[in-house]
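Since every read-out is calculated from the coordinates, none of them should be taken as a lab result. The shown structure was predicted, so the numbers you read here are calculated from the model rather than taken from an experiment. Cβ atoms come from the backbone with ideal geometry, glycine included; neighbour counts cover every protein chain shown.
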Amino acid sequence: MGAIASAVMAANGEVIGIIPEWLVKKEVAYQGITDLRVVDSMHERKALMAELSDGFIALPGGFGTIEEFFEVLTWSQLGIHKKPCGLLNIGHYFDSAIEFMDHAVEEQFISPDSRALVIIDDDPALLIKKFLEYRPHMVDKAAWALQFLGR
């Protein structure tokens, strides 16, 4: 995240960082950004990120990245927000996650409409273009579940 923040700042962009206080005390906070907001918890951090964001793009990362992406994706599925959610699939990093989501659709644990909420590209400019063209749609989980149950 620091490398991205540095690149954005070097290009005269704006970076808002949100970090729990306990991480600041560990000296993990990136100081050279436009706006650093210190919050009490990870839950508060994620809620503020969701509130301030126009959309969500996951870059290759670890457990935190994966957890945060699937949480905002779930929020989209539930209609909590109508913002685009995407994976920047650099070097095929997310191929296994994409295969997993497709498998979950085949096994009928994820509806095709829910799977369609994930925008994917390996080119940052094309992913942004897809975000700009994004039109939110509601996922009717109840109707899908009834169809799945044959009712």
Is the shape of region 1-83 rounded, prolate or oblate, going by the alpha carbon gyration tensor and its root eigenvalues a ≥ b ≥ c, with a/c under 1.5 for rounded and a/b larger than b/c for prolate?
prolate
For a quick check: with amide H placed at 1.01 Å from N, whose amide H comes under 5 Å from Ile120's, ignoring anything fewer than 5 positions away on the same chain?
Leu87
Going residue by residue through region 64-71, the Karplus relation 6.51 cos²θ - 1.76 cosθ + 1.60 with θ = phi - 60° gives ³J(HN,Hα) values, rounded to whole Hz and with x marking Gly or Pro, of x, 4, 5, 4, 5, 5, 5, 5
Each residue of region 126-131 in order: what ³J(HN,Hα) in whole Hz does its phi give by Karplus 6.51 cos²θ - 1.76 cosθ + 1.60, θ = phi - 60°, with x for Gly and Pro?
5, 5, 4, 4, 4, 5
What is the distance, in nm, between label points placed 7 Å from the Cα along the Cα-to-Cβ direction at Ala47 and at Leu23?
1.7 nm
Over the chain, what is the mean sequence separation of C-alpha contacts under 8 Å (at least six apart), divided by residue count, expressed as relative contact order in percent?
17 percent
Please list, ordered by chain and number, the residues whose modelled amide H lies under 5 Å from the amide H of Ile18; skip anything fewer than 5 residues away on the same chain.
Arg37
